[in-house]
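Enquirer: Below are the structure tokens for one structure; questions will follow.
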Amino acid sequence: MIELDRAGRSFKVRRSLKLKGNLVHAVCDLSFTVAPGEFVGYLGPNGAGKSTTIKMLCGILTPTSGRVRVAGLDPSRKRTTLARRIGVVFGQRTTLWWDLPLRDSFELIRLLYKVDRKVFKTRLDELIETLDLGAFTRTPVRQLSLGQRMRGDLAAALLHAPDVLVLDEPTIGLDVVSKSSIRAFLRRLNAEQGTTVLLTTHDLGDIERLCRRVMLIDHGRLAFDGTLDELMATAPEQSTIEDVVTRLYTGSR
Amino acid sequence: MAARASFIALRIAGRKADNSWLPSADPRAGPGTVRHRAITLRRCKTIPLYARLVRYGFRKHATYVWAAVAGAFTNSVFGILRAYILIALWQARPGLAGYDVTQAVTFCFITQALIGPMQLFGTGLAIPERIRSGDIALDLVRPASLLLWSLSEDLGRACYLFLVRGIPPMLLGAALFGVTHPAGPGQWLAFLVSFLAGMVASFGWRYLVSLSVCWLIDERGVGAFSLVLTILFSGMLLPLSLFPGLLGELARALPWAAMVQAPTDLYLGKAPVLETLAFQGCWAAALLAAGALGTRAIRHKVVIQGG
């Protein structure tokens, strides 16, 4: 479903008026494959290249080297076709219309993805029920709490029934109750609908409770790829996932 | 139909980089299949999306009634100030720019009424802020044109401000000083079409200013520059026909003239209709084309700040 083959992305960083800039490799030689129906956690310290990877996956950024395929498509070339098959949630940002009721944002998404009205209604009702949005679909988005807004954003990303869901810190800033309701929803989505999920997060609780497989990226390279148990086994002397990951983050420097 | 088919064949033979818009790009969509028809239909189906965006742009601004009321009040008060200055000027120099005093007062209040809808001060677009914060990434993920998306939203905004900030200054001007009105329905229509073309031209310019943030990180410098050019060359301050010689020629040929001077001229019946509309249309098209190129450029550029 997701396939990266020695993918790299570098940026030219110019200092003042110097014409020749320094080349910064945000991601280099990254290769991994995610099979349909997998639930993969994507970890890495700040600045490791996680967001750059995600932006390459949705076609906003073109890789400067290597090859990226999502749902069999080259994201940067077939961005619009791919957009219909992929759902993206950036936890720190929102796709919803700030001043308008939640429902209006959903309606716009129906038109954007040209979802059939009947199919859309069934899908929306389902999402409203599972994400428990019923109480506030008519509330302007600016009046929603962060947890409510996040659930709204999740629904917005899933209305066109994508095969792949890419999540960038979907639980950031949420309380334990909101977190657990989002986790439960994601688990169900993956198990019942077979949606492939790539989850980027700094919340290791998300990883522990949701992901069968974990990938860890550091300095733009893959530092670990395996199951959760294998991750824990890399540092047998540590007992919590926090300690194991801390060791991996600091050890690979 | 045959011409269309050969055009598609040509495109495929040429192996252009992106054929994704073509029905044939989808292996399941051979000509004549249901899917083929579905994809061909899809292109017409973007109209409801943009129509909805115009509506949402309108409603988004309608949320902030008091902001618009305050704007209308300010525009009206400044209209009164400007009117007194212009009356003094036209009494000293009757017939200046081919206007009589009433026409000069009308000019004053129309230009005040256009400040809101034409967004003469500032870009009025969310794009600079979204580029700075990195939210633009979300806009670029959408399977829709950023240019048309923003244009639709902006037209909704302009329509709302036309009602709330355009009409009150005109009514006030009419009540206090007396203003002229277009002679007949033809002239009204010419004005409205010109108003629409002006809105598109104004959007085109502001869109370009907004995109510049992608390279300059901050829009304030360009914004200040744009503000001076707009106030001076749109005809907002003084009728452009007052500008002498070469400066006047230049001012009347620049895009800003399409935003205020052109619709005002047509309202007053001071300019040939078709020529003026063609002038505005050309600038609107040119600015939108530049905007489309700019959008392509930022797709390549996208620094995407803040993670």
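Enquirer: Tell me, what is the FRET efficiency for A:Thr227 and B:Ala67 to the nearest 0.05, using R0 = 60 angstrom and their Cβ-Cβ distance as r?
Expert: Computed FRET efficiency for A:Thr227 and B:Ala67: 0.65.
Enquirer: Another one. What's the magnitude of the charge dipole for the protein assembly as shown around its Cα centre, counting Lys and Arg as +1 and Asp and Glu as -1 at the beta-carbon? Answer in Debye, nearest 20. Kindly include the intermediate steps, with their values, before the conclusion.
Expert: Working: 66 positive and 42 negative charges, 280 e Å.
I would put it at about 1340 debye.
Enquirer: From the P(r) of chain A, can you give the percent of Cα pairs sitting at distances over 27 Å? Display every interim value, and only then the final one.
Expert: Numbers: 12542 of 31878 pairs.
When all Cα pairs of chain A are counted, 39 percent exceed 27 Å.
Enquirer: At a Cα cut-off below 16 Å, give the aspartates and glutamates reachable from B:Lys60, other chains included and same-chain residues fewer than 8 away excluded.
Expert: Qualifying aspartates and glutamates at Cα under 16 Å: A:Asp99, A:Asp104, A:Glu107, B:Glu153, B:Asp154.
Enquirer: Determine the alpha carbon to alpha carbon distance for each of A:Lys118/B:Lys45; A:Lys114/B:Lys45; A:Lys55/B:Lys301; B:Lys45/B:Lys301; A:Lys55/A:Lys114 and list only those over 18 Å. List each step's numbers first, then the result.
Expert: Numbers: A:Lys118/B:Lys45 16 Å; A:Lys114/B:Lys45 7 Å; A:Lys55/B:Lys301 13 Å; B:Lys45/B:Lys301 30 Å; A:Lys55/A:Lys114 24 Å.
As for pairs spanning more than 18 Å Cα to Cα, those are B:Lys45/B:Lys301; A:Lys55/A:Lys114.
Enquirer: Under 12 Å Cα to Cα from A:Lys50, which aspartates and glutamates show up? Leave out anything in the same chain fewer than 8 places away.
Expert: Counting by Cα, and skipping residues close in sequence, A:Lys50 has these aspartates and glutamates nearby: A:Asp168, A:Glu169, A:Asp218.
Enquirer: Still on this model: For B:Ala286 and B:Gln187, compute 0.36 nm times the residue count separating them, minus their Cα-Cα distance, and round to one decimal in nm.
Expert: Details: separation 99, 0.36 × 99 = 35.64 nm, distance 2.57 nm.
Full extension from B:Ala286 to B:Gln187 adds 33.1 nm.
Enquirer: Now for a separate question. Would you kindly derive the ³J(HN,Hα) couplings of segment B:184-190 from the backbone phi angles with the Karplus curve 6.51 cos²θ - 1.76 cosθ + 1.60 (θ = phi - 60°), listing them in order in whole Hz, with x for Gly and Pro?
Expert: x, x, x, 6, 4, 4, 4
Enquirer: Apply the Kirkwood formula to the protein assembly as shown: the hydrodynamic radius equals the inverse of the mean of 1/r over all pairs of different alpha-carbon atoms; give it in Å with one decimal.
Expert: Working: mean 1/r = 0.0377 Å⁻¹.
That comes to 26.5 Å for the protein assembly as shown.
Enquirer: Something else about it: Compute, for segment B:47-301, the length of the dipole vector about the Cα centre, with Cβ point charges of +1 (Lys, Arg) and -1 (Asp, Glu) only. Units Debye, rounded to 20. Each step should come with its number before you reach the end.
Expert: Values: 18 positive and 11 negative charges, 104 e Å.
Computed about the Cα centre, the dipole is about 500 debye.
Enquirer: B:Ile217 versus B:Leu81, label points 7 Å from Cα toward the beta carbon: distance in nm?
Expert: According to this spin-label approximation, the distance is 3.6 nm.
Enquirer: Return the ratio Rg/(2.2 N^0.38 Å) for segment A:149-245, where Rg is computed over Cα atoms only. Show your work: numbers first, answer last.
Expert: Values: Rg = 14.3 Å, N = 97, 2.2 N^0.38 = 12.5 Å.
Normalised Cα radius of gyration, segment A:149-245: 1.14.
Enquirer: So how far, in whole Å, is the C-alpha centre of segment A:75-146 from the one of segment B:175-198?
Expert: That distance is 41 Å.
Enquirer: On to the next question. Taking amide H positions as placed in the peptide plane 1.01 Å from N, state which residues far from A:Leu222 in sequence (5 or more) or on other chains have amide H under 5 Å from it.
Expert: Here A:Ser31 satisfy the definition.
Enquirer: Once label points are set 7 Å from the Cα along Cα→Cβ at both B:Phe121 and B:Leu247, what is their separation, rounded to one decimal in nm?
Expert: 2.4 nm
Enquirer: I've got another one for you. List, largest first, the extents of the alpha carbons of segment B:57-167 along their principal axes, each in whole Å.
Expert: 59, 28, 22
Enquirer: At R0 = 56 Å, how high is the FRET efficiency between B:Thr74 and A:Glu3 if r is their beta carbon distance? Nearest 0.05 is fine.
Expert: Values: r = 57 Å, r/R0 = 1.02.
Computed FRET efficiency for B:Thr74 and A:Glu3: 0.45.
Enquirer: A further question on this structure: Pick out, from A:Ser145, A:Ser10, A:Leu199, the residue whose Cα sits farthest towards the positive end of the charge dipole of segment A:2-251, with +1 on the Cβ of Lys and Arg and -1 on the Cβ of Asp and Glu.
Expert: A:Ser10
Enquirer: How far is it, in nm, from the label point at A:Lys118 to the one at B:Thr46 when both lie 7 Å from their Cα along the line to the Cβ?
Expert: For the pair A:Lys118/B:Thr46, the computed spacing is 2.8 nm.
Enquirer: Over all Cα pairs of segment B:47-301, how is the pair count split among 10 Å bins, expressed in % and running from 0 up to the last occupied bin?
Expert: Reading upward from the zero bin: 7, 30, 37, 19, 6, 1.
Quick note: the coordinates plus some simple rules give every number you see, no bench work behind them. Computed from a prediction, not measured in an experiment: that's the story for all the values here. Cβ: placed from backbone, ideal geometry, glycine included. Neighbour counts: every protein chain shown.
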